[in-house]
Amino acid sequence: MSDIAWLSEGIGVDGIERSFTLSRGSGAVPGVLWSPRDTGLATNTGLAGTVLLCHGGSGHKRSERIRRIGRWLAATAGLAVIAVDGPYHGDRVPAPLDAAVYQPLIAAEGIERVTARMTADWLDTLSALADQGLADGARVSVFGMSMGARFGLPVAAALGSRLRCAVFGKFGLRQAAAMPAGLGAPGLLTAAAHAVTAPLLYHVQWDDALFPRDGQFELFEAFASVDKQLVARPGPHTETHPAAEASWQEFIGRNAAGHGERRGDEAP
């Protein structure tokens with residue numbers, strides 16, 4: 001059983017922002033929901049779909065980028081937008097942890113176990129909000145860069161035919177030697193990519209020192225999407241050009257309300 005406790009609510013020119021905690025048997029899930037302003041406070045009728053925003057490492061559900069994208073998608077595209085804290089991040093821990101601390105914790109718990117837990121957290125959160133009329137559980141898109149892609153990709157795969165589009169990047173099947181070996185899960189990620197057939201935008205930082213370029217290309221090739229795009233920009237892992245963020249938002253806005261994608265074995 002799961003239950004949502006609402007913690008705060010704010011109304012601005014760009015929509016409604018509500019904080020919540022979802023109670024689950026495995027623990028609380030801290031989250032935030034952005035909604036279009038003109039849909040009302042009680043329920044969001046007429047939503048164009050739902051987007052799950054998965055934050056990167058050392059971030060949280062209200063990181064600056066996540067909040068910007070969430071507000072834009074709610075206000076401009078008419079979408080319900082959900083973000084939850086990742087493992088050992090945000091309100092799941094008493095204080096922020098450095099990568100040198102949270103990465104070994106994830107590896108020690110087991111990447112498969114953490115991935116399964118995060119996937120369940122996302123799906124239960126989506127279901128709980130959809131049950132209250134605050135999200136569209138049938139048309140869902142997923143966004144995630146870096147750690148957001150690590151945990152967002154399995155969620156996208158689990159959504160099956162409900163997935164409308166995905167934006168991932170700054171991540172791949174190989175990682176820097178300095179990262180804990182236990183974080184690597186190429187088999188799990190490849191299987192998840194094979195299950196994704198919705199339109200895909202994949203972003204690569206050309207000079208990424210954390211996730212080598214060839215491993216990112218391998219992951220991109222593994223996606224089963226017929227409509228998939230790879231965009232590469234110069235710069236290190238932590239760099240993001242403002243135009244890149246705008247292109248992610250626009251891609252989701254164009255595809256999030258779609259009625260499904262044509263699979264490779266279907267007639268045109």
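Are any residues in region 1-28 over 14 Å from A135 (Cβ atoms) and among the β-branched types (V, I, T), and if so, which ones? Within region 1-28, I11, V13, T21 qualify.
If you scan region 62-85, which residues turn out to be farther than 20 Å from P242 by Cα and not β-branched (V, I, T)?
Within region 62-85, G78, L79, A80, A83, D85 meet the criteria.
Picking from residues in region 218-238 that are touching a Ser or Thr at 6+ places or on another chain (Cβ under 6 Å) and not polar (S, T, N, Q), the one that is surrounded by the fewest Cβ atoms within 10 Å (Cβ to Cβ) is A224. Taken over region 7-22, the criterion of being more than 22 Å from G59 (Cα to Cα) and surrounded by fewer than 16 Cβ atoms within 10 Å (Cβ to Cβ) is satisfied by I11, G12, V13. Screening T197 on (1) touching a Lys or Arg at 6+ places or on another chain (Cβ under 9 Å); (2) of a type outside the set (A, V, I, L, M); (3) crowded, with 18+ Cβ neighbours inside 10 Å; (4) closer than 22 Å to E245 by Cβ shows it passes everything except condition (4).
Could you please let me know if V155 is more than 15 Å from L183 (Cβ to Cβ), touching a Ser or Thr at 6+ places or on another chain (Cβ under 8 Å), crowded, with 24+ Cβ neighbours inside 10 Å and not polar (S, T, N, Q)? Yes; evaluated as a whole, the condition is true for this residue.
Results for (1) out of contact with any helix residue (DSSP H, G or I) (no Cβ under 8 Å at 6 or more places or on another chain); (2) not polar (S, T, N, Q), shown as yes or no for each residue.
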site	(1), (2)
G56	no, yes
G59	no, yes
I69	no, yes
T76	no, no
A95	yes, yes
A99	yes, yes
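Report yes if some residue within region 24-36 is surrounded by fewer than 22 Cβ atoms within 10 Å (Cβ to Cβ), at pLDDT below 95, over 20 Å from S141 (Cα atoms) and polar (S, T, N, Q); otherwise report no. Scanning region 24-36, I find at least one residue that is surrounded by fewer than 22 Cβ atoms within 10 Å (Cβ to Cβ), at pLDDT below 95, over 20 Å from S141 (Cα atoms) and polar (S, T, N, Q), so the answer is yes.
The values are calculated or read from the model by the stated rules, or taken from the named source; none is laboratory data. The shown structure was predicted, so the numbers you read here are calculated from the model rather than taken from an experiment. With ideal geometry, Cβ positions are generated from the backbone for all residues, glycine too; neighbour counts draw on all protein chains shown.
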